[in-house]
Amino acid sequence: MTWRTLRDFLLDLLFPPRCVGCGKVGVWVCQECLGGIRFIEEPRCGICGCPVDEGALCEHCANSQHSVDRIITVTDFSDLIQEMIHRFKYNQCTALAEPLVGLMFRYWVQHPLQVDCIIPVPLHPRRLQERGYNQAALLAEGLGERLGIPVLLDVLVRIKYTKPQVGLTAEERKENVRGAFACPHKTLIGKSVLLVDDVCTTGATLEACSVALKTAGATRVLGFTLARPMLGP
Ligand SMILES: [Zn+2]
Ligand SMILES: [Zn+2]
């Protein structure tokens, strides 16, 4: 037994994991709570996620320019999914990657897509060092492994250290991440990319990533995220 596994063993003994949803001891999220998460009800606008009657985009999005071809989200925000993502992202609770990947996988099985590779939204190296891991990369790797689709971790990079998007208006979000991403090695010619992130709010980050991916030759970029708030057009 290494020091690390011994330490984790003792920590689990002293502070056993509890289900994020119901508090049940022994798991980070229990099967009952996980099974209660409902997938987003289609049809939704493929860009902003608002409910639409038919077709892929709402009127507003159909009449504006987008680099990203479509944004697919597994579920609407609920207290449970928000709490899971928060702990996964900010509380070092990387054990939640597995059930979260499981949700994405279950959704995929019902709505499969044709893509050549999976690319996570990258963190700036400074933030990566602060957090110790990129939550989007953990999701991308888990999903890639289950689907047998290659995950490219070093193609898309964050070249600008931006302030967090939380609390910014839609316009400020766009401005904040404009030009923040790049693909220094142009290795995506003709590729269809699945761009993975944990949360999509206005889609500004996915859009900025898509611009960089398409500059590098990608022909199609589909955003795939766990959750998003419901927005009107
Ligand atoms: Zn539970
Ligand atoms: Zn829309």
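Tabulated values for the structure
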{"read-out": "Tally of residues being at positive phi and either surrounded by fewer than 18 Cβ atoms within 10 Å (Cβ to Cβ) or of a type in the set (A, V, I, L, M) (or both) across the range 13-64", "value": "3"}
{"read-out": "Some residue of the range 123-135 being within 12 Å of Leu226 (Cβ to Cβ) and in the same structural domain as Lys186 (by TED's automatic domain parsing)", "value": "yes"}
{"read-out": "Boolean, Asp116 is modelled with pLDDT of 95 or more, surrounded by 14 or more Cβ atoms within 10 Å (Cβ to Cβ) and over 18 Å from Leu226 (Cα atoms)", "value": "yes"}
{"read-out": "Filtered residue count, the range 202-228, keeping only those that are among the hydroxyl-bearing types (Ser, Thr, Tyr) and over 11 Å from the mean Cα position of the chain (by Cα)", "value": "4"}
{"read-out": "Matching entry among Ile81, Ile71 (being touching a Ser or Thr at 6+ places or on another chain (Cβ under 8 Å), buried (at least 20 other Cβ atoms within 10 Å of the Cβ) and assigned to a helix (DSSP H, G or I))", "value": "Ile81"}
{"read-out": "Meets criteria (closer than 19 Å to Leu139 by Cβ and not aliphatic (A, V, I, L, M)) for Thr2", "value": "no"}
{"read-out": "Residue in the range 40-56 that is out of contact with any Gly (no Cβ under 9 Å at 6 or more places or on another chain), more than 16 Å from ligand 2 (Cβ to nearest atom), over 23 Å from Asp197 (Cα atoms) and part of a loop (DSSP other than H, G, I, E, B) present", "value": "no"}
{"read-out": "Answer from Val68, Val20, Val74 - the residue that is within 16 Å of ligand 1 (Cβ to nearest atom) and touching a residue at least 60 places away in the same chain (Cβ under 8 Å)", "value": "Val20"}
{"read-out": "The range 57-68: number of residues that are of a type in the set (A, V, I, L, M) and assigned to a loop (DSSP other than H, G, I, E, B)", "value": "2"}
{"read-out": "Scope the range 30-43; condition in contact (Cβ under 8 Å) with a residue 12 or more places away in the chain and either among the aromatic types (Phe, Trp, Tyr) or closer than 24 Å to Met84 by Cα (or both); matching residues", "value": "Cys33, Leu34, Gly36, Ile37, Arg38, Phe39, Ile40"}
{"read-out": "Sole exception among (1) touching a residue at least 12 places away in the same chain (Cβ under 8 Å); (2) under 25 Å from Cys93 (Cα atoms) for Val193, by number", "value": "(2)"}
{"read-out": "Test for Ile37: is it within 14 Å of ligand 1 (Cβ to nearest atom), aliphatic (A, V, I, L, M) and touching a helix residue (DSSP H, G or I) at 6+ places or on another chain (Cβ under 9 Å)", "value": "yes"}
{"read-out": "Answer residue from the range 94-108, given it is surrounded by fewer than 17 Cβ atoms within 10 Å (Cβ to Cβ) and touching a Phe, Trp or Tyr at 6+ places or on another chain (Cβ under 7 Å) and is nearest to Cys33 (Cα to Cα) among those", "value": "Ala95"}
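The values are calculated or read from the model by the stated rules, or taken from the named source; none is laboratory data. Fair warning: this is a prediction, and the values are worked out from it, not measured in the lab. Every residue, glycine among them, receives a Cβ derived from its backbone with ideal geometry; neighbour counts consider all protein chains shown.
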